[in-house]
Amino acid sequence: MVSTEQINELKARVAKLELSIDIEQRRIDLQNEQERTEEPDFWDDPDKARKQLKRVAEIKAVVDDYEGVVRMVADLDLVPDFVAEGVIAEEEAEEQYRGAMDMVEKLELKQMLSGTEDRLGAIMDINAGAGGTEALDWAAMLMRMYTRWGEAHGYTVKVANYQAGDEVGVKSCTLEFEGEYAYGYLRSESGVHRMVRLSPFNANNKRQTTFASVFIAPAVDDTIEINISPADYEWDTFRSSGAGGQNVNMWRRPCVCAITARMPTRVSP
């Protein structure tokens with residue numbers, strides 16, 4: 001049976017969420033952003049309008065989720081009395097409590113994934129490391145594991161690149177996860193993954209350690225702006241070695257690799 005202590009515990013968690021989300025400020029932001037969509041020239045720039053509507057939808061989703069949790073937890077106050085009076089059965093009370101608990105946990109998790117890129121999709125690179133054939137098989141296992149995880153959680157998983165191993169497994173592959181919060185869930189998977197087992201590819205069935213690397217990047221879409229400083233560009237003039245000796249204007253970006261490497265931290269919503 002659902003106890004008063006359990007209900008009070010849920011209420012305490014909702015109170016912490018209220019402070020963490022700063023719900024009053026969110027409501028003010030929602031009102032301000034909605035007022036911008038009502039301006040007469042709102043649709044003069046369709047791209048800017050779509051970005052504004054997406055911003056409104058994101059804030060509204062947080063407010064709606066919080067208010068839904070508050071209503072469901074508030075309804076639990078009457079559950080013990082209803083059970084005592086025989087209005088509802090204990091099984092129904094337990095089901096209602098589990099539903100409220102599930103909503104609170106989902107909102108807590110979304111609040112943890114509140115980074116700028118956490119809501120985006122994800123791009124995953126898997127590369128076999130040291131270990132020969134065993135490493136190729138290990139990379140293939142990781143590919144299958146992450147693909148099945150994505151499909152089980154409602155994400156669309158696409159294979160953007162695939163390089164098969166010489167005998168078995170995968171040398172390298174790139175997976176793209178389409179859906180909200182894919183990057184937030186997967187970002188902690190970046191790193192070197194190790195497997196130790198009795199290798200089926202070893203004639204003596206010896207224990208073998210093998211490695212594969214996984215790198216996660218956010219799937220950046222057209223809703224963000226990339227700002228490149230003019231200092232990152234450089235103009236050089238070179239003298240041609242052919243007849244005429246005319247100058248050849250060449251434009252190059254010597255730091256383009258550095259820009260690409262830093263891009264996830266230099267984007268703004």
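Quick look at the values:
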item	result
Selection within region 175-196 - over 16 Å from M145 (Cβ atoms), of a type in the set (F, W, Y) and either in contact with a Pro (Cβ under 9 Å, 6 or more places away or on another chain) or in a helix (DSSP H, G or I) (or both)	Y183
Failed item, numbered, when K171 is tested on (1) without any contact (Cβ under 8 Å) to a residue 60 or more places away in the chain; (2) part of a helix (DSSP H, G or I); (3) out of contact with any Lys or Arg (no Cβ under 9 Å at 6 or more places or on another chain)	(2)
Residue in region 79-99 that is within 20 Å of L113 (Cα to Cα) and either under 26 Å from the mean Cα position of the chain (by Cα) or surrounded by 13 or more Cβ atoms within 10 Å (Cβ to Cβ) (or both) present	no
Output for region 135-171, where each listed residue is surrounded by fewer than 18 Cβ atoms within 10 Å (Cβ to Cβ) and small (G, A, S)	A152, G154, A160, A164, G165
Region 122-134, residues that are at pLDDT 90 or above and either within 18 Å of K158 (Cα to Cα) or part of a helix (DSSP H, G or I) (or both)	A122, I123, M124, D125, I126, N127
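The values are calculated or read from the model by the stated rules, or taken from the named source; none is laboratory data. In this text, all values refer to a predicted model and were calculated from it rather than measured experimentally. In this analysis, Cβ positions are derived from the backbone assuming ideal geometry, glycine residues included, and neighbour counts consider all displayed protein chains.
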